[in-house]
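Here's the structure we're looking at; comments come further down.
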Amino acid sequence: MAVVLYIDDEPENLTVLKGTVEDELEVVTAGSGEAGLALLAQHEVGVILADQRMPGMSGIDVLERAKALAPDAVRVIITAYANINEAITAINLGAVERYIKKPWDAVELIAMLREALSTYDTRRKLRALDRRLIETERVYSLGVVAATVAHELRGQLTGVTGLASVVRLKADALKAQLDAGDKHVVRETLDEITRSVADLMVSAEQVLQITRGMELGQRQSERGVIDVREVVTLISRMLRGELARSATLEVDLPPNLPPVRGARHKLGQVLLNLVVNALQALPPGRRAQNRIAVRVHHESPSVLIEVEDNGPGVPPEVAGRIFDPFFTTKNEGGTGLGLAISRRIVEEMGGQLSFESRPGRTCFAVLLPAGAS
């Protein structure tokens with residue numbers, strides 16, 4: 001159960017407030033900012049009450065530092081001084097949501113604390129739901145990847161086994177030719193075997209490229225350096241089979257692109273969602289006309305990734321809801337989470353995800369800060 005943390009350098013104030021509300025709520029107290037911040041690691045704190053004027057670390061300083069330690073906690077400044085400048089500073093720096101004066105009214109204080117604890121509980125539940133939604137979309141994305149990779153591997157391995165059978169048959173023929181002593185025929189058969197082995201190695205390398213694409217699904221550093229060219233290349237390889245059946249893919253990857261920072265598998269999830277959405281938007285049976293373009297530009301100080309298709313476009317009446325959770329225009333198979341979570345991932349990387357659409361052209365744009373620092 002979440003508790004109320006009250007920080008004040010005057011012991012009598014701590015005693016009075018705790019005595020006022022302890023029959024209704026659980027309160028822990030601290031006589032300094034440092035002591036209060038230490039208690040955040042020991043308790044689930046739903047509300048932080050901090051006296052503004054304390055020696056060493058003011059209430060605003062305490063609440064500003066508490067944002068990182070307890071981001072969902074409701075932060076409250078309590079003071080005997082009604083100074084509007086202090087109130088504005090508290091709101092801006094400490095993300096303070098309440099500003100109350102001493103002496104407080106006991107009934108109003110308890111009511112405010114109850115409301116604040118309810119706000120904290122709602123935030124905690126929403127954060128947990130958000131995590132579950134992200135995992136749900138990740139599982140969906142990985143399902144798309146798994147199905148695509150399985151199809152690609154099946155096709156490539158069929159070619160590998162076929163070539164292996166040819167090599168075996170030619171090796172058997174070579175044995176017979178050696179017995180017959182026909183050097184000319186033996187040389188021709190050896191040349192055929194060499195060519196078949198070369199083809200076999202190409203097919204095996206294609207299988208390896210597909211499996212390397214699966215690295216996007218592995219857990220990696222949340223704030224690593226990302227080579228955008230590599231991520232785009234892996235996505236195009238992973239979807240090569242579906243693209244070959246449904247559309248022409250154009251990829252524009254200029255040299256010397258600067259890196260971006262973030263989680264490589266998350267950027268891969270975003271681009272996978274955008275390309276799969278583009279594929280699903282295109283009319284079936286028109287591969288020669290269907291086109292998807294993936295373009296990357298360095299527009300200092302940013303890297304811009306565009307995914308464009310020449311499908312029918314997003315209807316104007318639903319364009320404003322395209323990033324809403326659970327909203328989907330797909331008749332079946334859509335979770336309605338892909339674009340919402342993709343935007344969230346891009347924003348967490350310090351970037352922006354936007355789109356523009358008209359009949360015959362829809363373009364999603366991922367704008368990310370460039371640089372490895």
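Worth a mention:
- Condition check for Val21: over 17 Å from Ser58 (Cβ atoms), of a type in the set (A, V, I, L, M) and modelled with pLDDT of 90 or more: no
- In the range 81-99, residue modelled with the highest pLDDT [restricted to those that are under 22 Å from Leu14 (Cα atoms) and surrounded by fewer than 16 Cβ atoms within 10 Å (Cβ to Cβ)]: Tyr81
- Search result, residues across the range 31-60 that are in contact with a strand residue (DSSP E or B) (Cβ under 9 Å, 6 or more places away or on another chain) and of a type in the set (Gly, Ala, Ser): Gly31, Ser32, Gly33, Ala35, Gly36, Ala38, Gly46, Ala50, Ser58, Gly59
- The residue that is surrounded by the most Cβ atoms within 10 Å (Cβ to Cβ), counting only those in the range 9-45 that are closer than 17 Å to Ala73 by Cβ and in contact with a Gly (Cβ under 7 Å, 6 or more places away or on another chain), is Gly33.
- For Asp309, the criteria (1) over 19 Å from Ser354 (Cα atoms); (2) of a type in the set (D, E, K, R); (3) buried (at least 22 other Cβ atoms within 10 Å of the Cβ) hold in every case but one, which is (1).
The values are calculated or read from the model by the stated rules, or taken from the named source; none is laboratory data. A quick note: this is a predicted structure, and the numbers were derived from the prediction, not measured. Backbone-built Cβ (ideal geometry, glycine too); neighbour counts: all protein chains shown.
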